[in-house]
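Asks: Take a look at the following structure, please.
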Amino acid sequence: MSADASTEVEQGHGEPPRHVSPLLHRRGAVGGAGPDAGVAWHYGDPTAEQRALTRGGAVVDQSHLGVVRVAGPDRLSWLNSITSQELTNLPPRTSTELLVLSPQGHVEHAAGVVDDGEATWLVTETPVGLATWLNRMKFMLRVEIDDVTDEWAAIGEPVAAEGTADEPVTWRDPWPTTAPGGTRYGPPDDEHPGADRHWRLVLVPRARLVDEVRAREAAGWPLVGTWASEAVRVEAFRPRAARDVDHRTIPHELDWLRTAVHLHKGCYRGQETVARVHNLGRPPRRLVLLHLDGSGHLLPEPGADVHEVTADHEPGRAVGKVTTVARHHELGPVALAVVKRSTPVDATLVVDCEGGAVAAGQEQVVPGEGVSVDRPAPRGPVARGLGVHPSL
């Protein structure tokens with residue numbers, strides 16, 4: 001399932017990790033690839049590691065992620081004005097996430113956001129690009145932007161709590177709870193497969209990474225690899241910039257309006273596309289979960305083509321691409337893929353693999369009609385091919 005690191009990074013929207021974790025020296029550690037290079041894929045028993053993580057007692061080395069710190073009294077109002085999220089009154093130690101969009105509404109950067117009362121911390125997979133862009137946008141405002149990835153490292157924990165005042169800076173993943181001002185295309189929050197996935201990132205001084213992990217191990221939490229955390233993420237339909245985003249991605253396609261976009265705030269770059277697609281429906285593509293046939297022991301690579309099977313039971317036209325591949329300890333081999341919105345939700349699909357095509361059962365994440373649950377009702381006749389809002 002591993003691939004050349006540079007190839008995998010190009011599949012998603014991230015920067016090559018620039019640190020190699022000292023935890024890779026652990027006995028049994030197998031290094032990750034692509035955007036997870038520099039940390040362990042697993043430590044010798046990925047199935048047991050996944051079970052420990054899903055039970056809520058494990059620690060994951062996430063020190064390959066980037067960290068950008070924004071200080072200054074104007075930081076929140078300024079970030080609010082240039083990103084997709086409402087941040088003006090963000091309370092200290094309250095987690096959210098934001099997107100930086102292109103003028104055409106395509107995702108350029110994604111970041112977890114938490115403010116400690118003195119600075120806003122952004123956990124991202126594009127720290128160099130994000131810090132560079134923010135520095136270009138600060139003009140005369142009282143903000144200071146620093147890429148602090150070399151000083152700070154992230155540790156992943158299956159914990160559903162914000163950081164407290166006596167804890168290090170902590171970002172709790174808000175997925176999949178629909179935030180105020182957001183909307184959803186996929187399942188209701190309480191029925192979502194990600195509802196039971198608890199995840200947070202604790203920022204620690206990079207020099208103390210090993211000590212912080214050992215402290216958690218001493219409390220009974222095993223150290224597990226990204227095989228486990230990625231499998232749980234895929235099960236939860238959780239989009240990740242370095243895996244599931246390309247140069248054409250708009251947030252609607254990944255159901256990312258749940259947690260990363262505020263639909264009723266002031267203007268920001270890319271807002272016109274966000275509003276138009278929300279109001280009219282029909283994002284060009286949609287995220288799906290693929291249940292892969294594991295009988296042949298073949299797995300696709302990220303970037304593999306997804307085909308709709310013809311009436312002759314042969315692979316037909318390519319309708320999308322695989323973005324993330326994982327082996328789940330209960331679901332078996334699974335993948336996230338982005339397919340054309342027009343692909344029938346009951347279509348039989350196959351995925352290209354080295355050694356032959358693999359059958360894939362489709363579980364929809366973003367529905368085929370491409371309509372959010374609160375899209376405004378049309379004022380006149382519905383455009384041809386748009387369909388009717390499912391709530392009407």
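Asks: Just checking, which of GLY194, GLY220, GLY181 is open to solvent by 40 Å² or more (accessible area, probe 1.4 Å) and either in a loop (DSSP other than H, G, I, E, B) or closer than 25 Å to ARG51 by Cβ (or both)?
Replies: GLY220
Asks: Something else: Please work out which residue is nearest to ARG276 (Cα to Cα), limiting yourself to the range 229-250 and to residues that are more than 11 Å from the chain's Cα centre (by Cα) and part of a helix (DSSP H, G or I).
Replies: The qualifying residue nearest to ARG276 (Cα to Cα) is GLU235.
Asks: Go through the range 345-359 and report how many residues are in contact (Cβ under 8 Å) with a residue 60 or more places away in the chain and either open to solvent by 70 Å² or more (accessible area, probe 1.4 Å) or part of a strand (DSSP E or B) (or both). Break it down stepwise before answering.
Replies: Here is the first cut: in the range 345-359, the residues in contact (Cβ under 8 Å) with a residue 60 or more places away in the chain are 351, 356, 358-359.
Adding the requirement that they be either open to solvent by 70 Å² or more (accessible area, probe 1.4 Å) or part of a strand (DSSP E or B) (or both) leaves 351, 358-359.
Of the residues in that region, 3 qualify.
Asks: Given the structure, is PRO284 in contact with a Lys or Arg (Cβ under 9 Å, 6 or more places away or on another chain) and buried (at least 18 other Cβ atoms within 10 Å of the Cβ)? It would help to see each step written out before you state the result.
Replies: Numbers: in contact with a Lys or Arg (Cβ under 9 Å, 6 or more places away or on another chain): yes; buried (at least 18 other Cβ atoms within 10 Å of the Cβ): no.
For PRO284, the condition - in contact with a Lys or Arg (Cβ under 9 Å, 6 or more places away or on another chain) and buried (at least 18 other Cβ atoms within 10 Å of the Cβ) - is not met.
Asks: Moving on to the next point. Identify the residue in the range 269-282 that is outside any helix (DSSP H, G or I) and at pLDDT 95 or above and, among all such residues, is nearest to VAL345 (Cα to Cα).
Replies: Per the criteria, the residue is GLY270.
Asks: Give just the number: which of (1) over 21 Å from the mean Cα position of the chain (by Cα); (2) open to solvent by less than 10 Å² (accessible area, probe 1.4 Å); (3) of a type outside the set (A, V, I, L, M) does GLY44 not satisfy?
Replies: Of the numbered conditions (1) over 21 Å from the mean Cα position of the chain (by Cα); (2) open to solvent by less than 10 Å² (accessible area, probe 1.4 Å); (3) of a type outside the set (A, V, I, L, M), the odd one out for GLY44 is (2).
Asks: Just to be sure, is ARG172 open to solvent by 60 Å² or more (accessible area, probe 1.4 Å), modelled with pLDDT of 95 or more and within 16 Å of the chain's Cα centre (by Cα)?
Replies: yes
Asks: Then there's this: Taking the options VAL234, VAL210, name whichever one is of a type in the set (A, V, I, L, M) and open to solvent by less than 10 Å² (accessible area, probe 1.4 Å).
Replies: VAL234
Asks: So the check is Cβ under 7 Å with 6+ separation or different chains; which pairs have a first residue in the range 36-50 that's in contact (Cβ under 8 Å) with a residue 40 or more places away in the chain and a second one that's acidic (Asp, Glu) and open to solvent by less than 40 Å² (accessible area, probe 1.4 Å)?
Replies: VAL39/ASP61; ALA40/ASP61; HIS42/GLU49; TYR43/GLU49
Asks: Now for a different question. Of the numbered conditions (1) more than 26 Å from GLN364 (Cα to Cα); (2) surrounded by 20 or more Cβ atoms within 10 Å (Cβ to Cβ), GLY129 fails exactly one; give the number of that condition.
Replies: Failed condition: (2).
Asks: How about the range 47-82: which of its residues are part of a strand (DSSP E or B), under 15 Å from ALA154 (Cβ atoms), open to solvent by less than 30 Å² (accessible area, probe 1.4 Å) and of a type outside the set (Gly, Ala, Ser)?
Replies: If the condition is that a residue be part of a strand (DSSP E or B), under 15 Å from ALA154 (Cβ atoms), open to solvent by less than 30 Å² (accessible area, probe 1.4 Å) and of a type outside the set (Gly, Ala, Ser), then VAL59, VAL60, ASP61, VAL67, VAL68 are the ones that fit.
Asks: Could you please find all residues in the range 300-330 being open to solvent by 30 Å² or more (accessible area, probe 1.4 Å), under 19 Å from THR348 (Cβ atoms) and not β-branched (Val, Ile, Thr)?
Replies: First, pick out the residues of the range 300-330 that are open to solvent by 30 Å² or more (accessible area, probe 1.4 Å): 301, 305, 308-315, 317-318, 321, 327, 329-330.
With under 19 Å from THR348 (Cβ atoms) added as a condition, the list becomes 305, 308-315, 317-318, 321.
Passing the criteria: ASP305, GLU308, ALA311, ASP312, HIS313, GLU314, PRO315, ARG317, ALA318, LYS321.
The values are calculated or read from the model by the stated rules, or taken from the named source; none is laboratory data. Keep in mind that what you see is a predicted model, and the values were worked out from it rather than measured. Every residue, glycine among them, receives a Cβ derived from its backbone with ideal geometry; neighbour counts consider all protein chains shown. For accessibility, only protein heavy atoms count, side chains too; no ligands or nucleic acids. Shrake-Rupley method; radii C 1.70, N 1.55, O 1.52, S 1.80 Å.
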